[in-house]
Amino acid sequence: MPPVSHTRRRLLNHLALGAATLPLLRLSPAEAYDLQHLSPDDPAAKALHYVADAATIDAKSEPQYAAGSHCGNCALYHFSQARGDWASCDAFTTKFVNSKGWCLSYNTG
């Protein structure tokens, strides 16, 4: 049987290696769909005029919208947390928004 310190060292090395690889794990596409996505019918979404696809916005009815603006190029969108086309947003902290979406909080940073 190896000395206790050697066994403990191996255990700590394995734990450290496992912890280091956790950020590298990605959700599969099937798991990504399990995340809570912001619905345009959500009260917070309605308050900020969120739409899941900015291409559907009528510029006449939404004067603050500028062509080409969408969540994916907004400063509030967190690319580092993206799962497919969805990621967290500083405007909607409890749900993921679509990168193609848009809302009144759109910000170019």
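Multiply the residue gap between residue 105 and residue 78 by 0.36 nm, knock off their C-alpha separation, and tell me the result in nm, one decimal place.
Working it through step by step, the gained length comes to 8.3 nm.
Kindly put 53, 85 in sequence by how many other C-beta atoms sit within 10 Å of each C-beta, fewest to most.
Ordered from fewest to most neighbouring Cβ atoms within 10 Å, 53, 85 come out as 53, 85.
For residue 76, what residues show an amide H to amide H distance below 5 Å, using hydrogens built from the backbone and excluding near sequence neighbours?
Under 5 Å from the amide H of residue 76: 107.
With Cβ to Cβ distances under 14 Å as the rule, what net charge do the other residues near residue 49 carry (K, R +1; D, E -1)?
Result for the neighbourhood of residue 49: -3.
Rg and Dmax of the stretch 27-98, using alpha carbons, in Å: what are they?
12.5, 39
Bear in mind that the values in this text are calculations on the coordinates, not laboratory data. As the structure is a prediction and not an experimental result, all values here were calculated from the model. Please note: Cβ atoms are built from the backbone with ideal geometry, for glycine as well, and neighbour counts cover all protein chains shown.
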